[in-house]
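Peer 1: Please find one structure pasted underneath; my questions will follow.
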Amino acid sequence: MPAAKPAPNSSLKSTPASDASQTPVDAFVARRILILSNVLRRAAALRYRRLLDISVGEWAALAELGLRAPCTLNDLARGLSLDKTRMSRTISGLEARGLLQRRANPRDNRESIISLTKPGERVYARMMAAAETTNDLLLAPFSADERRDMEALIGRLTDRAREILALEQESATQGES
C-alpha cells in the first residue's frame with residue numbers, strides 16, 4: 001500500500017492509507033463526521049430558533065461567551081475556529097438584541113471586551129439546559145465507558161484536525177496547491 005503524502009514542511013507523520021480509488025467515499029471519517037455535524041446543526045437550528053429565537057451561530061457565540069467572557073472578538077473566533085469577520089457580524093447582531101455588550105479594552109483601545117448582559121445570561125442558562133437535554137438524548141445509547149472513550153477520541157480528532165488546518169493555511173499562504 002502506498003503511504004499518504006505528507007504536507008510540505010509538515011511535522012505530521014503520515015500513516016499508510018489504502019489507495020483512494022479503492023476506498024468507498026463512506027469510509028472517509030471526515031465525511032462521516034461532516035454528515036453528523038450537518039444533522040446535529042440542522043436539529044440545533046430548529047431547536048434554538050423555536051426555543052430562543054437564535055441561530056446556531058448565535059448559539060455558538062453565546063456558548064463561548066458563557067465559558068470565556070469577558071473576552072475579545074479574536075478570542076471568540078479562535079475558540080470556535082471561525083473567521084473573525086463572520087464572528088463580528090454575529091456579535092453585532094447579538095449586541096443589537098441586547099444579549100451582549102462591548103466595552104473598550106483598557107489594555108488596547110483598538111479592541112473591545114465582550115461579555116453577556118443580564119438578558120444574555122438568561123438566554124445562556126436556557127440554552128445550556130436545552131443543550132444538556134439534547135446531549136443526554138444523543139448519548140443515551142452509550143455506556144459511561146463508551147462516552148469517556150468517545151470524548152477522548154473526539155478530542156484527539158479535533159487536535160489532529162487543527163494541525164491539518166494549520167498546515168493547509170500555511171500551504172495556502174505559500175501559494176501551494
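Peer 1: Amide H neighbours of E111 under 5 Å, counting only residues 5+ apart in sequence or on other chains, H built in-plane at 1.01 Å?
Peer 2: Long-range HN contacts for E111: N105.
Peer 1: Something else about it: Just need log10 I(q)/I(0) for the stretch 54-132 at q = 0.21 Å⁻¹, Debye formula, equal scatterers on the alpha-carbon atoms, no solvent, rounded to two decimals.
Peer 2: -0.89
Peer 1: So which residue, out of T23, T90, T134, gets the largest mean-square fluctuation from a GNM of the chain using Cα contacts under 10 Å as springs?
Peer 2: Checking each option, the largest mean-square fluctuation is seen for T23.
Peer 1: Rounded to the nearest 10 degrees, what's the angle between the helix 118-139 long axis and the longest principal axis of the chain, both from Cα atoms, 0 to 90?
Peer 2: Between the helix axis and the principal axis of the chain, the angle is about 30 degrees.
Peer 1: Which entry is the computed log10 I(q)/I(0) by the Debye sum over Cα atoms at q = 0.10, 0.18, 0.20 Å⁻¹ for this structure: (i) -0.55, -1.28, -1.38; (ii) -0.36, -1.18, -1.43; (iii) -0.41, -1.14, -1.35?
Peer 2: Matching entry in (i) -0.55, -1.28, -1.38; (ii) -0.36, -1.18, -1.43; (iii) -0.41, -1.14, -1.35: (i).
Peer 1: If each DSSP helix of 4+ residues adds -39,500 (n - 2.57) and the sum is divided by the residues in the chain, what number results at 222 nm, nearest 500 deg cm²/dmol?
Peer 2: -21000 deg cm²/dmol
Peer 1: Would you mind checking which residues have amide H under 5 Å from T117's amide H? H placed 1.01 Å from N; only 5 or more apart, or other chain.
Peer 2: Here the answer is L100, Q101, since their amide H atoms fall under 5 Å of that of T117.
Peer 1: Something else now. Name the long-range amide H neighbours of I54: under 5 Å, sequence gap of 5 or more, or other chain; modelled H, no Pro or chain starts.
Peer 2: For I54, the qualifying residues are R49.
Peer 1: Also, I was wondering about something else. Restrict the search to the stretch 27-117; then list the chymotrypsin sites (Phe, Trp or Tyr not before Pro) that DSSP places in a loop and that have at most 16 other Cβ atoms within 10 Å of their Cβ.
Peer 2: Those that pass, being in a loop and sparsely packed, are F28.
Peer 1: Same structure again: Using the Karplus curve 6.51 cos²θ - 1.76 cosθ + 1.60 with θ = phi - 60°, work out ³J(HN,Hα) for each residue of the stretch 92-101 in order, rounded to whole Hz, and write x for Gly and Pro.
Peer 2: 4, x, 5, 5, 4, 8, x, 8, 8, 9
Every number in this text was worked out from the coordinates using simple rules, so none of it is lab data. What you are looking at is a predicted structure, and each value in this text was computed from that prediction instead of being measured. So basically every Cβ, Gly included, is an ideal-geometry build from the backbone, and we count neighbours across all protein chains shown.
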